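The values are calculated or read from the model by the stated rules, or taken from the named source; none is laboratory data. Quantities reported herein were computed from a predicted structural model and do not represent experimental measurements. So basically every Cβ, Gly included, is an ideal-geometry build from the backbone, and we count neighbours across all protein chains shown. For accessibility, only protein heavy atoms count, side chains too; no ligands or nucleic acids. Shrake-Rupley method; radii C 1.70, N 1.55, O 1.52, S 1.80 Å.
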Amino acid sequence: MSEERFGEFVLVRRHGHVAELVLDRPKAMNAVSTEMARSIAAACTALAADREARVVVLTSSHERAFCVGADLKERNSFTDADLVRQRPVARGAYTGVLELPMPTIAAVHGFALGGGFELALSCDLIVADRTAVVGLPEVSVGVIPGGGGTQLLPRRVGAARAAELIFSARRLEAAEAAGLGLVDQLVDEGQDREEALALGARIAANSPVGLRAAKRALRLGHGLDLRAGLEVEDAAWRSVAFSGDRAEGVAAFNEKRTPQWPGE
């Protein structure tokens with residue numbers, strides 16, 4: 001297993017074709033400072049260009065928190081001009097995760113609040129253990145979810161449910177979050193990282209070309225009418241139909257062997 005650090009607070013570990021993106025600012029419960037936001041964005045830029053990475057799993061090095069959101073202690077010292085300058089840096093962290101071209105899984109335990117929950121929502125799937133506490137409390141401190149929460153949450157749970165959660169600023173414990181669809185898989189305490197990496201390994205056994213094209217079709221087609229969505233799907237299908245992965249997949253199936261994906 002290899003490791004690469006991006007700045008002081010972000011680490012990427014390699015588990016074969018699964019890349020683990022670790023939020024590693026434990027002294028601040030992974031509160032996202034300006035420096036940490038830059039590091040998340042830089043790590044995502046590197047991962048997006050890495051053809052060996054078929055799945056990314058977003059984890060935390062803090063035993064009691066995934067991420068508690070924006071660093072409000074840092075924000076407290078900001079002038080208005082500082083806040084304006086920081087905004088594109090902060091957005092870069094969330095869009096960096098959101099726009100990763102391969103499947104992404106968040107492994108959540110403890111607190112995942114505000115921007116922390118938005119980082120999880122930016123992933124395709126969320127695995128949470130029974131200690132997880134999630135929520136978007138931004139209106140309780142005079143702002144709104146600004147890392148994608150107002151757009152990603154209703155896509156998961158519907159407009160009215162998202163409105164109730166965002167307007168009330170309330171926190172949800174793991175069982176309720178799972179019941180409402182805010183997280184996708186609920187696992188035993190302390191098992192979120194292990195289960196997310198295992199799920200990532202199962203996904204990574206499939207064609208990297210197919211995985212990226214399927215994600216593109218899912219993302220681009222969401223919200224379109226059916227006819228337009230089917231055109232998005234057709235374009236994604238055409239992008240893989242004549243690939244080396246497609247030829248290898250068919251050959252391996254007929255020869256009853258494990259595919260050796262060329263990844264192109």
>> Just checking, does region 192-200 include any residue being open to solvent by less than 80 Å² (accessible area, probe 1.4 Å), modelled with pLDDT of 95 or more and touching a helix residue (DSSP H, G or I) at 6+ places or on another chain (Cβ under 8 Å)?
In response: no
>> For the structure I just gave you, tell me whether Arg5 is open to solvent by 30 Å² or more (accessible area, probe 1.4 Å), at pLDDT below 95 and at negative phi.
In response: no
> Mind checking which residues of region 100-159 are in contact (Cβ under 8 Å) with a residue 40 or more places away in the chain and of a type in the set (Lys, Arg)?
Replying inline: Arg130, Arg155
> What is the residue count in region 15-35 for residues that are open to solvent by 30 Å² or more (accessible area, probe 1.4 Å), charged (D, E, K, R), in contact (Cβ under 8 Å) with a residue 24 or more places away in the chain and outside any loop (DSSP other than H, G, I, E, B)?
Replying inline: 1
>> Between Ala106, Ala48, which is aliphatic (A, V, I, L, M) and closer than 27 Å to Ala132 by Cα?
In response: Ala106
> What pairs can you find where one residue is in region 177-194 and at positive phi, the other is modelled with pLDDT of 95 or more and part of a helix (DSSP H, G or I), and their Cβ atoms are less than 8 Å apart, with a gap of 6+ or different chains?
Replying inline: Gly181/Arg156; Gly181/Val157
